[in-house]
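Engineer: The following block contains the structure, expressed as structure tokens.
The values are calculated or read from the model by the stated rules, or taken from the named source; none is laboratory data. Only a predicted model underlies this, so the values are computations on that prediction, with no experimental measurement involved. Cβ sites come from the backbone with ideal geometry, for glycine too, and all protein chains shown count toward neighbours. With ligands, DNA and RNA removed, areas are computed over all heavy atoms of the protein, side chains included. Shrake-Rupley method; radii C 1.70, N 1.55, O 1.52, S 1.80 Å.
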Amino acid sequence: MALVIEGEERIAAPIDKVWQALNDPEVLKACIPGCESLEKTSDNNMAATVVLKIGPIKATFNGEVELKNLNPPRSYTIQGEGKGGIAGFAKGGADVILAEDGPDTTVLKYEAKADVGGKIAQLGSRLITSTSKKLAGQFFSSFNETVSAR
């Protein structure tokens, strides 16, 4: 089951600072809902463990995160795939675009795509869609707060 989520955040920080944060595993780990670990395995790859609760199912996903289509400090694609054992799998990605709005404000736009399979997919599209939107919103608003506060 695939879905698309779009959104925008105005971040009170210069574009270079926002770009650095988007590439910082510590920042990403702090902002990804349920993220227990995120470690760099190469320049553009990270290993992740994320615990998610979707409806009645709580699962630990172990997977890979990859940064692709890098165009510093303007845009990139973040892609990940996780396996949650009997719960199923989740994979997705987001195209992230940064634009300057004055010297100290950056507009971050994202288009995220998610796909789930296995037991989770049986929970119904409405629950999965609302949970996915909530998780994407939490990540980007948390990212905004973290970067603005620095």
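Engineer: Lysines within cross-link reach of Lys53: Cα-Cα under 24 Å, excluding same-chain residues under 8 positions apart?
Structural biologist: Within the straight-line limit of under 24 Å, Lys53 reaches these lysines: Lys29, Lys83, Lys91, Lys113, Lys119, Lys133, Lys134.
Engineer: Next up: Whole number in Å², please: accessible area per residue of the range 1-129, 1.4 Å probe, ligands, DNA and RNA not counted.
Structural biologist: 53
Engineer: Within the range 42-150, report the chymotrypsin sites (Phe, Trp or Tyr not before Pro) that DSSP leaves as loop and that have at most 16 other Cβ atoms within 10 Å.
Structural biologist: Of the chymotrypsin sites (Phe, Trp or Tyr not before Pro), not one in the loops of the range 42-150 has a Cβ with at most 16 other Cβ atoms within 10 Å.
Engineer: Counting only protein heavy atoms and a 1.4 Å probe, tell me what percentage of the range 1-145's accessible area is made up of carbon and sulfur. Don't skip to the answer; put the middle values down first.
Structural biologist: Values: 3810 of 7580 Å².
So the carbon and sulfur contribution to the accessible surface is 50 percent.
Engineer: Looking only at the range 70-93, which residues have a backbone nitrogen under 20 Å from a spot 7 Å from the Cα of Ala47 in the C-beta direction?
Structural biologist: Of the residues in the range 70-93, 79-86, 89-92 have backbone N under 20 Å from the label point off Ala47.
Engineer: Oh, and also: Per DSSP H run of at least 4 residues, take -39500 (n - 2.57); add these up for the chain, divide by its residues and hand me the 222 nm value, nearest 500 deg cm²/dmol.
Structural biologist: -8500 deg cm²/dmol
Engineer: In terms of Cα to Cα distance under 15 Å, which aspartates and glutamates are near enough to Lys68, apart from those fewer than 8 places away along the same chain?
Structural biologist: Lys68 reaches Asp24, Asp43, Glu81, Asp95, Glu111.
Engineer: Now a separate question. Could you give the semi-axes, largest first, of the ellipsoid that matches the range 9-140, computed as the square roots of 5 times the alpha carbon gyration tensor eigenvalues and rounded to whole Å?
Structural biologist: 27, 16, 12
Engineer: So what are the ³J(HN,Hα) numbers for the range 74-84, from phi and the Karplus equation (6.51, -1.76, 1.60; θ = phi - 60°), rounded to whole Hz, Gly and Pro as x?
Structural biologist: In residue order, the calculated couplings are 9, 6, 6, 10, 10, 10, x, 8, x, 10, x Hz.
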